[in-house]
Amino acid sequence: MTEVALERVDELRVRLGALPRVKLAHLPTPLTACPRLYEATGARVSIKRDDCTGLAFGGNKVRQLEFVLGDAIASGADCLIQGSASQSNHSRQLAAAGARLGLDVFLLPKQDERSTPVQGNQLVSHLLGATILPIGASESSTERKRQLADSLRAHGRTPYVVGMGEDRALALAALAYVEALLEIVEASNDTPPDVIVTTSQGSTQAGLQLGCHLLNLPTKVIGINPMPPDHEAYISPAGIADLTRSAGALLGLPCTLTETDIVNSTEYVGQGYGIPTTAGLAAIKLLASTEGILLDPVYSGKGFAGLLDHHRTHATSPDARLVFVHTGGLPAIFSYASDLINDEQG
């Protein structure tokens, strides 16, 4: 990296440090080389272990919630709201953060095909003391969250809503991955990787993208989206570019990224969100058997399948350095036991 870029690293740390924040995650997370995976595939991959952020099985949302809930507390919030799929990683990590910070958490999980029996992320959310208010599988999570927020305000509470549909919270979440990008660069001896791949429908990729942009790095960021464009939580490449600009504004720094700068693929979704794919299950088994690192079938398994496919099909140089940002999601594997076992037996 140039001397100017190194100076900008220090500047970014100062700007990030000036924002309201709470302490939740074990940071920095490791950047782990994968030599046995390299022997098996020829892909020179290091994994940014954000599955090791520490709070209630970890994950990328723990890192993000440091900024999001710092803002919530600064705004006077006394409770938190999230709504998503029954096996939502975000909901589980929010429930843990609320327990740590003494904030009531209201979750609106959809009654989908993974709702029963209660296990995985949903079980953990129950144990963490969140108030669970299930909604129908076809209902709008965004609208139901806003209705609940209105009801809580009418009863004298001060709710803070996170997740889909909440632009400020999503931009704050992106800032966490500007910091993660700084960690990746520093752990690489100030030599940026050639490619960073992560499973992301928005904030995680936006933060990595913004960090590369602000440091003027040549690193290519690839997002593997776990959901199709008709999903309520889907954010388009244009929307991700909007997030980079919003997050840049929160730092007081201009960002000129546009839709054409964003690579976010829905090619690896398969039949739909939350439905395992053959390639994703194979990627889970490969990384587990070569490096002892677990992925999940909903997010990181599909993302890692995308990384392996990119390496195979895009004429990646044998010496290219790839980083995979592991966003966690491990409790969900228990609700997908039959898929994983059947795949192994097949």
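Bear in mind these aren't lab numbers, they're just calculated from the coordinates by the rules spelled out. The shown structure was predicted, so the numbers you read here are calculated from the model rather than taken from an experiment. All Cβ positions, even for glycine, are placed from backbone atoms using ideal geometry, and neighbour counts span all protein chains on display.
Under the membrane-span-like helix rule (DSSP H runs whose alpha carbons stretch at least 24 Å along the helix axis, mean Kyte-Doolittle hydropathy -1.0 or higher), the chain yields 167-187. Pull out a ≥ b ≥ c, the square roots of the eigenvalues of the alpha-carbon gyration tensor of the stretch 250-324, then state rounded if a/c is under 1.5, prolate if not and a/b is larger than b/c, and oblate in the remaining case. Prolate, because a/c is 1.5 or more and a/b exceeds b/c. For Leu55, Leu6, Leu27, the sequence from fewest to most other C-beta atoms within 10 Å is Leu6, Leu27, Leu55. Note on the stretch 10-87: Rg/Rh from Cα positions, Kirkwood definition for Rh, rounded to two decimals, is 1.11. Measuring nothing but how far apart in sequence close Cα pairs (under 8 Å, 6+ apart) lie, relative to its length, the stretch 191-294 scores a relative contact order of 27 percent. In this rough spin-label picture, where each label sits 7 Å from Cα along the Cβ direction, the Ala238-Asp167 distance is 1.4 nm.
A DSSP coil position with no more than 14 other Cβ atoms inside 10 Å describes the following GluC sites (Glu not before Pro) in the stretch 242-314: Glu267.
So for Ser88, Ser138, fewest C-beta neighbours within 10 Å to most, what's the order?
So the residues, fewest neighbours to most, are Ser138, Ser88.
Please report the projected area of the chain's Cα convex hull averaged over all directions, in nm².
Details: hull surface 65.4 nm².
Projected area, direction-averaged: 16.4 nm².
Full extension of the chain between His26 and Asn216 yields a length gain of 65.6 nm, computed as 0.36 nm times the residue separation minus the alpha carbon distance. Legend: P(r) of the stretch 203-346 from all alpha carbon pair distances, 10 Å bins from 0, whole percents, reading 11, 37, 33, 16, 3, 0. Stretching the chain fully between Ser265 and Asp10 yields a gain of 88.6 nm (0.36 nm per residue, less the alpha carbon separation). Of all DSSP beta bridges located in the chain, what percent are antiparallel, nearest 5? So the antiparallel bridges in the chain amount to around 10 percent. Ranked by how many other Cβ atoms sit within 10 Å of their own Cβ, fewest first, the residues Glu232, Glu3, Glu11, Glu66 fall in the order Glu3, Glu11, Glu232, Glu66. Take 30-42, 106-118 and order them by the average number of nearby Cβ atoms within 10 Å per residue, most first; the result is 106-118, 30-42.
Radius of gyration over Kirkwood radius for the stretch 60-161, both on Cα atoms: the Rg/Rh ratio is 0.95.
Taking the chain as a Gaussian network of alpha-carbon nodes connected by springs under 10 Å, the highest mean-square fluctuation of the residues Ala282, Ala249, Ala206 belongs to Ala249. Here each label is just a point 7 Å from Cα along the line to Cβ, and for Ala137 and Ile275 those points are 1.1 nm apart.
Determine the calculated [θ] at 222 nm for the chain from helices alone, applying -39500 (n - 2.57) to every DSSP H run no shorter than 4 residues and normalising by the residue count; nearest 500 deg cm²/dmol. The helix-only estimate for the chain comes to -14500 deg cm²/dmol at 222 nm.
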